[in-house]
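Here's the structure we're looking at; comments come further down.
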Amino acid sequence: MLFTLMQLIGGIILSIGWIPQIVQILKTKSVSDLSLRAYLLMLLGIGLMEAYAVSLAADGNGLAFLVTNTMSLTVVSTVVLLILRYRPPNVPKK
């Protein structure tokens, strides 16, 4: 029970940690300093963990992992969508 509580608290903190980035993007409408590739890789990793979390939850274990991972997937997806929405057009690759 203690470790489930720790998982929930840790996962919620990690998910909430993305909110200032989202607020900053919405305020400035600028994503020029953010790496789309990095966020896409994070999204892929979290997506793979989400599949594992669903599998655990289906077996009756890992509901806390599923909840917190879904929260992370949601906020990182939001950042990716905002990067795609606000990125400058025709930015040359470095």
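Report in % the part of the accessible area of the chain that belongs to carbon and sulfur, leaving out ligands and nucleic acids; probe 1.4 Å.
69 percent
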> Which listed residue (Leu66, Leu26, Met6) has the Cα farthest towards the positive end of the charge dipole for the chain, taking +1 on Lys and Arg C-beta and -1 on Asp and Glu C-beta about the Cα centre?
Replying inline: Leu26
> Taking only the alpha-carbon atoms of the chain, what semi-axes of the equivalent ellipsoid follow from 5 times the gyration tensor eigenvalues under a square root, in whole Å, largest first?
Replying inline: 30, 15, 8
> How large is the accessible surface per residue of the chain, computed with a 1.4 Å probe and reported in Å² as a whole number?
Replying inline: 71 Å²
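Mean Kyte-Doolittle of at least 1.0 plus a Cα span of 30 Å or more along the axis: flag which DSSP H helices in the chain meet both, please. Don't jump to the answer; show the numbers that get you there.
On the way: long enough: 36-58 (32 Å, 1.56); 63-86 (34 Å, 1.71).
Both cut-offs are met by 36-58, 63-86.
The values are calculated or read from the model by the stated rules, or taken from the named source; none is laboratory data. This structure is a prediction, so every number in the text was calculated from the model and none was measured. We place every Cβ from the backbone using ideal geometry, glycine too, and count neighbours over all the protein chains shown. Just the protein is used for accessible areas: all its heavy atoms, side chains included, with ligands, DNA and RNA removed. Shrake-Rupley method; radii C 1.70, N 1.55, O 1.52, S 1.80 Å.
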